[in-house]
1. Looking only at the range 31-59, count how many residues are in a loop (DSSP other than H, G, I, E, B) and either in contact with a helix residue (DSSP H, G or I) (Cβ under 9 Å, 6 or more places away or on another chain) or surrounded by 10 or more Cβ atoms within 10 Å (Cβ to Cβ) (or both).
2. Scan the range 109-136 residue by residue and report those that are surrounded by 11 or more Cβ atoms within 10 Å (Cβ to Cβ) and either over 59 Å from the mean Cα position of the chain (by Cα) or on the phi > 0 side of the Ramachandran plot (or both).
3. For the range 64-94, how many residues meet the condition of being among the β-branched types (Val, Ile, Thr) and farther than 30 Å from LEU107 by Cα?
4. Picking from ALA90, ALA106, ALA95, which residue would you name as being surrounded by 10 or more Cβ atoms within 10 Å (Cβ to Cβ) and without any contact (Cβ under 8 Å) to a residue 60 or more places away in the chain?
Amino acid sequence: MARIKIGNFMGPKGDRGPQGLKGDPFKYEDYTPEQLEGLKGPKGDTGPQGPIGEQGPIGNAFTYEDYTPEQLEGLKGPKGDIGPQGPKGADGTVAYSDLDESQKAALRVPPKVYTRDEYNQLAVKDPNTLYFIEEV
């Protein structure tokens, strides 16, 4: 038996069906990556500068203690080369008039008075003590 296609036939329009259930709202997560790419248009021009905002409160200055150990470690660079030796310093003598008052007060201790034998028997001689040798 051979079949012959005659064409598309359409019957009369049917009755309207019942209302479907309310669906969930469509969310951003429902888009596929391809659909999201299709939503992008060409890059637009830069907009005008917005108005300056209100002045914020004055904060505390950032101090060394505010850094975390990790941040401090990140501030270090590689170890540098050893620099050249500096010039020879002064001979280390200081005039009494160059001292401030606290240094002068530290020097105002009673001198130690010894006979030559007592002085020679000292096991340790303090370089910051003034010794007087009494002749007998």
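1. Qualifying residue count for the region: 1.
2. If the condition is that a residue be surrounded by 11 or more Cβ atoms within 10 Å (Cβ to Cβ) and either over 59 Å from the mean Cα position of the chain (by Cα) or on the phi > 0 side of the Ramachandran plot (or both), then VAL113, TYR114, THR115, ARG116, GLU118, TYR119, ILE133 are the ones that fit.
3. 2
4. ALA106 is the lone residue from the list that is surrounded by 10 or more Cβ atoms within 10 Å (Cβ to Cβ) and without any contact (Cβ under 8 Å) to a residue 60 or more places away in the chain.
Let's see how each residue does on (1) closer than 30 Å to PRO127 by Cα; (2) part of a helix (DSSP H, G or I); (3) of a type outside the set (Asp, Glu):
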residue	(1), (2), (3)
PRO25	no, no, yes
GLU65	no, yes, no
GLU70	no, yes, no
PRO78	no, no, yes
PRO84	no, no, yes
GLY89	yes, no, yes
SER97	yes, yes, yes
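Every number in this text was worked out from the coordinates using simple rules, so none of it is lab data. What you see is a predicted model; the values in this text were computed from it and never measured. Here the Cβ is made from the backbone with ideal geometry for all residues, glycine too, and neighbour counts use every protein chain on show.
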